[in-house]
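Q: I have a structure here, written as structure tokens, and I will follow up with some questions on it.
The values are calculated or read from the model by the stated rules, or taken from the named source; none is laboratory data. In this text, all values refer to a predicted model and were calculated from it rather than measured experimentally. So basically every Cβ, Gly included, is an ideal-geometry build from the backbone, and we count neighbours across all protein chains shown. Remember, those area values only see protein heavy atoms, side chains included, never the ligands or the DNA or RNA. Shrake-Rupley method; radii C 1.70, N 1.55, O 1.52, S 1.80 Å.
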Amino acid sequence: MPLSIDGRPDEARAVATIHRALDAGVTFIDTADCYCLDDSDFGHNERLIAGALASYEGDASGVLVATKGGLTRPGGAWVPNGTPEHLIAAAEASRDRLEVESIGLYQFHRPDPKVPYTESVGALLHLLEDGVIEMAGISNADPDQIQEANEILGGRLVSVQNRFSPSYRSSLAELRLCADLGIAFLPWSPLGGIGRAADLGGAMGAFQEVADAHDVSPQQVALAWELALAPIVIPIPGASRPESIEDSVRAATLQLTEDEVGRLSAA
Ligand SMILES: NC(=O)c1ccc[n+]([C@@H]2O[C@H](COP(=O)([O-])OP(=O)(O)OC[C@H]3O[C@@H](n4cnc5c(N)ncnc54)[C@H](OP(=O)(O)O)[C@@H]3O)[C@@H](O)[C@H]2O)c1
């Protein structure tokens, strides 16, 4: 997202950031059709990722690109549209921008208060049955919506993407439900969000203390803590600089002790 919204870097740095992620071993990239400045460049992030994967000199064949639909950007605002007609057309457009035969993982971005949830999730089922998408997920969902979506999809809900970070933990119930159901939980803004990731070293004292003990960044500790909460957790840190993503990837091999995880959970 930081590569495509307001304040985004130039294209060379954006592509270098994606390539550095791939060099570091990243095999999962999250995007959305609405990651752009406004509706005049709708799909910016999907086009960027497709281009970066095509120009990558290494092997990117094992990379899963997950995208989302259900938000529009008139005049730069974020406006939901969860009608089945919109979601089906949006998924087909994303598939074309990503230059794939079918989308690896497609997620309904945010419930639309004007559209019954069953109808929006029903569109995901339709897209699965038509082969436009291979797997279906949801985002910004509460426990009832997770259960409902999984039922509508006949047990084929594979992921839930909710806001979750050291400073924003209100989706812990959803994380635990996903762990019970064996569904991937993708914390969004896992470092607290654009412009707030640096706070982890200051306001969140325990994260800095554990970081000092391991001689790593507090951002790595935050991601390692999230990973330690349950095996189904896959944080999706954003980055606009190659150095950030390279540092974040190291969280995958950072081993926290049980005591450290407990202290961070209590912080
Ligand atoms: N489903 C939804 O509704 C929703 C909403 C928001 C976001 N998301 C998803 O979540 C992803 C991440 O969220 P986000 O970008 O908002 O927030 P974030 O990942 O919490 O924070 C991103 C910021 O953290 C900095 N950063 C990353 N790794 C770092 C490191 N190791 N050390 C220091 N700083 C580091 C980056 O700095 P630099 O820019 O300097 O590299 C960037 O500005 C998005 O890309 C998007 O895919 C989903």
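Q: When the helices in the chain are scored as -39500 (n - 2.57) per DSSP H run of 4 or longer and the sum is shared across all residues, what 222 nm value do you end up with, to the nearest 500 deg cm²/dmol?
A: Details: 10 runs with 113 residues, N = 267.
Roughly -13000 deg cm²/dmol at 222 nm, from the helical runs in the chain.
Q: Taking Cα atoms, how many degrees apart are the long axis of helix 84-98 and the longest axis of the chain, rounded to 10 and kept between 0 and 90?
A: Its long axis makes an angle of about 60 degrees.
Q: Is the C-alpha gyration tensor of the chain telling us rounded, prolate or oblate? Criteria: a/c under 1.5 is rounded; beyond that, a/b larger than b/c is prolate, otherwise oblate.
A: Values: a/c = 1.74, a/b = 1.28, b/c = 1.36.
It comes out oblate by the Cα gyration axes.
Q: Label ALA12 and GLU129 with points 7 Å out from Cα along Cα→Cβ: what is the distance between them in nm?
A: My value for the distance between the label points is 5.1 nm.
Q: Name the shape class, rounded, prolate or oblate, that the alpha-carbon gyration tensor gives for segment 25-174, where a ≥ b ≥ c are the square roots of its eigenvalues, rounded holds for a/c under 1.5, and otherwise prolate holds if a/b is larger than b/c and oblate otherwise.
A: rounded
Q: Tell me, what are the semi-axes, in whole angstrom and largest first, of the equivalent ellipsoid of segment 108-192 as set by the roots of 5 times the Cα gyration tensor eigenvalues?
A: Details: eigenvalues 98, 35, 28 Å².
Equivalent-ellipsoid dimensions as semi-axes: 22, 13, 12 Å.
Q: Now for a separate question. For the chain, which span is the longest to avoid every loop-located (per DSSP) member of trypsin sites (Lys or Arg not before Pro) having at most 16 other Cβ atoms inside 10 Å?
A: On the way: sites that count: LYS114, ARG156, ARG169, ARG196.
Longest gap between qualifying sites, sites excluded: 1-113.
Q: Between ARG250 and SER102, what is the label-to-label distance in nm when each label sits 7 Å out along the Cα-to-Cβ direction?
A: With each label placed 7 Å out from Cα toward Cβ, I get 4.0 nm.
Q: Please compute the length gained on full extension between HIS214 and ASP39, using 0.36 nm multiplied by the number of residues separating them and subtracting their Cα-Cα distance.
A: The span from HIS214 to ASP39 would gain 58.6 nm if fully extended.
Q: Here is a further query. Leaving ligands, DNA and RNA out of it, work out the accessible area of HIS86 with a 1.4 Å probe and give it in Å² to the nearest 10.
A: Ignoring ligands and nucleic acids, HIS86 comes out at about 40 Å².
Q: Write down, largest first, the equivalent ellipsoid semi-axes of segment 129-267 in whole Å, where each equals the square root of 5 times an eigenvalue of the alpha-carbon gyration tensor.
A: 29, 16, 13
Q: For ALA93 and ALA24, what is the calculated FRET efficiency with R₀ set at 41 Å and r taken between the beta-carbons, to the nearest 0.05?
A: FRET efficiency, ALA93 to ALA24: 0.85.
Q: Provide, for q = 0.16, 0.22 Å⁻¹, the log10 of I(q)/I(0) from a solvent-free Debye sum over equal Cα point scatterers in segment 167-226.
A: -0.55, -0.87
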